[in-house]
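Participant: My questions will all concern the structure given below.
The values are calculated or read from the model by the stated rules, or taken from the named source; none is laboratory data. Worth saying up front: this structure is predicted, and the values here are computed from it rather than measured. A quick note on method: Cβ atoms are made from the backbone with ideal geometry, for glycine too, and the neighbour counts reach across all protein chains shown. Surface accessibility is based on the protein's heavy atoms, side chains included, excluding ligands, DNA and RNA. Shrake-Rupley method; radii C 1.70, N 1.55, O 1.52, S 1.80 Å.
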Amino acid sequence: MNRVRSHAVAAAFVIAALGPSLGLAQSTEEIFARGNEAFLAERYDDAIEQYERLLDAHVVDPDVEFNLATAQARLGRLGAATQHFERTLRLRPSDAEAEAGLQAARRILAERRAASEGVGEIIVSGGLSDAMYRGFTEPVLAWGLLALVVALLLSVVWFRRARRRLRVGLALLLVVESIATTAFAVGVMTKRGVFRDGAEGIVLVDRAALREGPDERHASRGQVREGDAATLLETDETGHYIRVRIGDERGWVARDAVGRVTF
């Protein structure tokens, strides 16, 4: 979790065009470079500030996410590091460094928990479908689905025009294409969160109160633990609290206690 990535941010546009608060004539590459410079000087808070400016400007880039995760990890903020390593892998599933960083952050959190409580279990997100499609990005699945739909339609036309002796083979091809099309469609829906009742998130702080309602006046029903996966269900009217599901528990936590993984 020590390496910073220094090549240019992929999004090529001027931040000033997105909002005056980001400063005039400052490109994404300049801010990215400034963040990397701060990181290499071990000024990790300054680096995080620059990387977060890019996120605030709606830059979606795996290297920004990776560097932000790494800077958070160097400061010991492993919940935030977990969040951004997860986001890196959403954008680049084959990123071995991000996967290694994620597993390292989870291992350290589990060791801390085991040392203090005797049990070192981390709640992770996703079920079987998430695990099946973890190695694919949504665009890859979407393009694959489109190609399969076109192939399936062409095979149907070919089947209808083919002679009887060829139809057995074409029928088998149609079955295979139909199964593949269904699998890719399920993959796209999984990535879009169709099978979830909320966005994916990560608990950023340790032992924040999980309350029965969106207010400090409501009773606490437990505590959330740093690094655990959470499903973000709804935000209260003030925007200060968010209702979450963590494992089998549901309740309200302070909004800044959890970070969003889903884009």
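Participant: With the cut-off at 1.5 for a/c, could you classify the range 32-90 from its C-alpha gyration tensor as rounded, prolate or oblate?
Facilitator: Taking the square roots of the gyration eigenvalues as a ≥ b ≥ c, the range 32-90 is oblate.
Participant: Right, something else. Between Q223 and A41, what length comes free when the chain is fully extended (0.36 nm per residue of separation minus the Cα-Cα distance, one decimal in nm)?
Facilitator: Details: separation 182, 0.36 × 182 = 65.52 nm, distance 3.61 nm.
Result: 61.9 nm gained on full extension.
Participant: Enter the accessible area of H240 (Å², nearest 10), with the probe set to 1.4 Å and all protein chains included.
Facilitator: Taking all protein chains as shown, H240 has close to 120 Å².
Participant: If you don't mind, there's one more thing I want to ask. With a 1.4 Å probe and all protein chains left in place, how much accessible area per residue does the range 149-249 have, in Å²? Let's see the in-between values first.
Facilitator: Details: 6410 Å² over 101 residues.
Value returned for the range 149-249: 63 Å² of accessible area per residue.
Participant: Sticking with this one: Give the calculated FRET efficiency between R3 and A171 to the nearest 0.05, with a Förster radius of 51 Å applied to their Cβ-Cβ distance. List each step's numbers first, then the result.
Facilitator: Numbers: r = 52 Å, r/R0 = 1.03.
Once rounded, the FRET efficiency stands at 0.45.
Participant: Using alpha carbon coordinates only, what is the Rg to Rh ratio of the chain, with Rh defined as the Kirkwood radius?
Facilitator: Working: Rg = 22.4 Å, Rh = 20.8 Å.
My calculation puts Rg/Rh at 1.08.
Participant: Treating only the Cβ atoms of Lys and Arg (+1) and Asp and Glu (-1) as charged, compute the dipole magnitude of the range 138-199 about its Cα centre; round to the nearest 20 debye.
Facilitator: Values: 9 positive and 3 negative charges, 107 e Å.
Taking the Cα centre of the range 138-199 as origin, the dipole is about 520 debye.
Participant: Under the rule a/c < 1.5 gives rounded, and otherwise a/b versus b/c splits prolate from oblate, where does the range 29-162 land using the Cα gyration tensor?
Facilitator: Working: a/c = 4.28, a/b = 1.68, b/c = 2.54.
The shape class here is oblate.
Participant: Say the dipole of the chain comes from +1 at the beta carbon of Lys and Arg and -1 at that of Asp and Glu; which of V119, Q223, A98 then lies farthest toward its positive end?
Facilitator: In the chain, that residue is A98.
Participant: Next question. Summing -39500 (n - 2.57) over the DSSP H runs of n ≥ 4 in the chain and dividing by its residue number, what mean residue ellipticity at 222 nm do you reach, to the nearest 500 deg cm²/dmol? Walk me through the numbers on the way to the answer.
Facilitator: On the way: 8 runs with 132 residues, N = 263.
Here the helix-only value at 222 nm equals -16500 deg cm²/dmol.
Participant: List the residues of the range 190-211 whose backbone N lies under 15 Å from a point placed 7 Å from the Cα of S116 along the Cα-to-Cβ direction.
Facilitator: 203-210
Participant: Also: In a GNM of the chain with a 10 Å cut-off on Cα contacts, which of P93, P62, P139 has the highest mean-square fluctuation?
Facilitator: P139
Participant: Sticking with this structure for a sec: Which order do M132, M189 take when ranked by solvent-accessible area (1.4 Å probe, heavy atoms of all protein chains), largest first?
Facilitator: Working: M132 110, M189 75 Å².
Heavy-atom accessible area, descending, gives M132, M189.
Participant: Using the beta-carbon distance between A131 and R163 and R0 = 35 Å, what value does 1/(1 + (r/R0)^6) give for FRET efficiency, to the nearest 0.05?
Facilitator: For A131 and R163, the calculated efficiency is 0.20.
Participant: Another one. Per-residue accessible area for E29 at 1.4 Å probe radius, Å² rounded to 10?
Facilitator: So the heavy atoms of E29 present about 90 Å² to solvent.
Participant: Oh, and also: Taking the mean number of other Cβ atoms within 10 Å as a proxy for protection, how do you rank 109-115, 224-230, 251-257, 43-49 from highest to lowest?
Facilitator: Values: 109-115: 14.9, 224-230: 24.0, 251-257: 19.7, 43-49: 17.1.
The packing order, highest mean first, is 224-230, 251-257, 43-49, 109-115.
Participant: Work out, step by step, the length gained on full extension between I179 and I123: first 0.36 nm times the residue separation, then minus their alpha carbon distance; give nm to one decimal.
Facilitator: On the way: separation 56, 0.36 × 56 = 20.16 nm, distance 3.21 nm.
Separation in residues times 0.36 nm, less the Cα-Cα distance, equals 16.9 nm.
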